[in-house]
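The values are calculated or read from the model by the stated rules, or taken from the named source; none is laboratory data. Remember, it's a predicted structure, so these values are computed and weren't measured experimentally. With ideal geometry, Cβ positions are generated from the backbone for all residues, glycine too; neighbour counts draw on all protein chains shown.
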Amino acid sequence: MFYVAEALLLSKGMTFSSHSAVISAFGKEFAKPGTVPGGYHRYLMDAQEARNTSDYQVDSQLTEEEALQHIAHAGISWNWARSSFKAIQTPPAWPATMRSNVMRFYGPWSPEMRR
């Protein structure tokens, strides 16, 4: 989900150095105006909160049900992005590291990403 948000922001020429900045900008640029379904921003925030909790709190335990819910939300977000991303214009020059990450995540299905 994070890479979907990052790719959408990059399509507007926007890059960020932290997960929280990407999530915040995604909400402002795409969820708030209704470009993406509103629930996708919530999915992203919830997944990031679960990641932070499980990475940085010794006594935290993500249940199997919670993990499956995040996986399902990622699938929903991915399917939406896959069907909608072709309509979004990419900037003329992708930063090399971002292009590599996006290609690794999305694969070669989008001709725009092969530039």
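The number of residues in region 24-45 that are on the phi < 0 side of the Ramachandran plot and surrounded by fewer than 16 Cβ atoms within 10 Å (Cβ to Cβ) comes to 9.
Show the residue pairs meeting these rules: Cβ distance below 9 Å; 6+ apart or different chains; first residue within region 17-30 and farther than 10 Å from Glu6 by Cα; second residue modelled with pLDDT of 90 or more and outside any helix (DSSP H, G or I). Here the result reads Ser24/Phe16; Glu29/Met14, each pair linking region 17-30 to a residue that is modelled with pLDDT of 90 or more and outside any helix (DSSP H, G or I). Out of Ser54, Ser84, Ser77, Ser100, one residue alone is modelled with pLDDT under 85, of a type in the set (Gly, Ala, Ser) and either in contact with a Cys (Cβ under 6 Å, 6 or more places away or on another chain) or buried (at least 17 other Cβ atoms within 10 Å of the Cβ) (or both). It is Ser77. Within the option set Asp46, Asp59, being more than 16 Å from Ala7 (Cα to Cα), acidic (Asp, Glu) and not in a helix (DSSP H, G or I) holds for one residue only, Asp59.
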